[in-house]
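Scroll down for the structure; my scribbles are underneath it.
The values are calculated or read from the model by the stated rules, or taken from the named source; none is laboratory data. All of these numbers come straight from a predicted model, not from anything done at the bench. Backbone-built Cβ (ideal geometry, glycine too); neighbour counts: all protein chains shown. To get the accessible areas, we keep the full protein, side chains included, count just its heavy atoms, and leave off ligands, DNA and RNA. Shrake-Rupley method; radii C 1.70, N 1.55, O 1.52, S 1.80 Å.
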Amino acid sequence: MIPKFIDAHVHLNTLSPEKMEKMMEYNAGFLSINTNIPFFDEIEEQEKIILKFQKEYPGRVKYFTTFNFKKWGTPEFVEDAIAQIKRGLGNGAVGVKIWKDVGFDYHKEDGSFVMIDDPVFDPIFEYLQKNNIMLIGHQGEPRNCWLPLEEMTVDSDRNYFKDHPEYHMFLQKEYPSYEEQMRARDNMLLKFPGITYVGLHLFSMEWSIHEVATRLDKYPNTLTDVAERVCHLQLQAKDNWQAVRDFCIKYQDRIIYGTDVIDDGNTPADEIAARFEHLWNFHYDFFATNKSLTAPEFQGEFKGLDLPEKVVNKIFYTNAKETYGFSDF
């Protein structure tokens, strides 16, 4: 049985109880991340659900707020964004999320894409830095998004972009490159070194633990999570098990577990609960045991990392507890 843990990257956008019952069965907690996604409910509606869960499950549910871009391109944009941030924090959010729509969806007056290091965002980041407000970020996409289908490293990406060519950046040459996306994020971190920043999804550098390590070394106020990118660690462990194990041990205080399961009502509630249960057990086996495993995203076997118990506890529980301010449950 998995010891108590926190799934520190989920999107709890419905009030269905099944997933919460599964959380209690596993003695777990949730960090739900409100995000400015077109197919999600409005930010305020996302927040209402989390506030209700917080009352029903005290101490086990925390959340991040964000801001929308409804006033993008107007003089009121920055003031409005900061007002939204203040409102979310006032309702109990533990920090602010910025999503990949910056770099993909918004443009400057000259028609060029606005990137996360653009001066327009500086007052927002200055506000976060001055007030010690945590920032979590999903910038860019997996590097596979910019590769031809036959060069992608995992089937989950290959199948998705085959079915959704409109999101396959290898085909969309007018969009910023992967390197430009990563460079802009790095530039933002250089400009605001006082911000505590969690680079979600292994900093979108899931293809290389070396690249992730480089960012953790260069930006000492950063952490990372493994949400929806565990398969990339598993793929690297298939060919270089020791390197992945060493990476997890070296950065044991800065890696946070999460699944990125989205409960938005499009999947039956019992299937969402089963999805959580499957991922929790499968991922725990990878980090905590030496079992021979296989993953649906690629061919071949790999061995569990068999990390020391204290390291597993940090990745699955302590790091999220301390970073996001959970009480001990």
Out of the residues in the range 215-230 meeting the condition of being hydrophobic (A, V, I, L, M, F, W, C) and either touching a residue at least 40 places away in the same chain (Cβ under 8 Å) or assigned to a loop (DSSP other than H, G, I, E, B) (or both), tell me which one is most open to solvent (accessible area, probe 1.4 Å).
Leu223
Does Gly90 satisfy being farther than 19 Å from Asp186 by Cα, open to solvent by 30 Å² or more (accessible area, probe 1.4 Å) and either over 17 Å from the mean Cα position of the chain (by Cα) or at pLDDT 95 or above (or both)?
yes
Here are some conditions: (1) more than 19 Å from Ala227 (Cβ to Cβ); (2) assigned to a helix (DSSP H, G or I); (3) polar (S, T, N, Q). Ser156 meets all but one. Which one does it not meet?
(1)
Would you point out the residue of the range 1-39, among those that are closer than 19 Å to Glu271 by Cβ and assigned to a loop (DSSP other than H, G, I, E, B), that is most open to solvent (accessible area, probe 1.4 Å)?
Phe39
Which ranges mark the helices (runs of 4 or more DSSP H) fully within the range 262-329 that have 2 or more residues being open to solvent by 10 Å² or more (accessible area, probe 1.4 Å) and without any contact (Cβ under 8 Å) to a residue 12 or more places away in the chain?
269-288
Among the listed residues Leu200, Leu171, which satisfies the condition of being in contact with a Pro (Cβ under 6 Å, 6 or more places away or on another chain) and either at pLDDT 95 or above or not β-branched (Val, Ile, Thr) (or both)?
Leu171
Taking interchain pairs and intrachain pairs at least six residues apart, which have beta carbon atoms under 8 angstrom, with the first residue in the range 36-62 and of a type in the set (Phe, Trp, Tyr) and the second assigned to a helix (DSSP H, G or I)?
Phe40/Gln46; Phe53/Met20; Tyr57/Met20; Tyr57/Met23; Tyr57/Met24
Only one of Glu174, Glu141, Glu150 that is without any contact (Cβ under 8 Å) to a residue 60 or more places away in the chain, under 26 Å from Asn240 (Cβ atoms) and either surrounded by 13 or more Cβ atoms within 10 Å (Cβ to Cβ) or charged (D, E, K, R) (or both)
Glu150
Selection from the range 96-126 of residues that are under 18 Å from Phe40 (Cβ atoms) and either open to solvent by less than 10 Å² (accessible area, probe 1.4 Å) or modelled with pLDDT under 95 (or both)
Val96, Lys97, Ile98, Asp101, Val102
Screening Val120, Val78, Val102 for residues that are part of a helix (DSSP H, G or I), aliphatic (A, V, I, L, M) and under 19 Å from Gln181 (Cα atoms) leaves only Val120
How many residues of the range 45-74 are in a strand (DSSP E or B) and either within 17 Å of Gly90 (Cβ to Cβ) or open to solvent by 10 Å² or more (accessible area, probe 1.4 Å) (or both)? The answer is 4
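Would it be correct to say that Ser208 is open to solvent by less than 60 Å² (accessible area, probe 1.4 Å), modelled with pLDDT under 95 and within 29 Å of Tyr63 (Cα to Cα)?
No, not satisfied.
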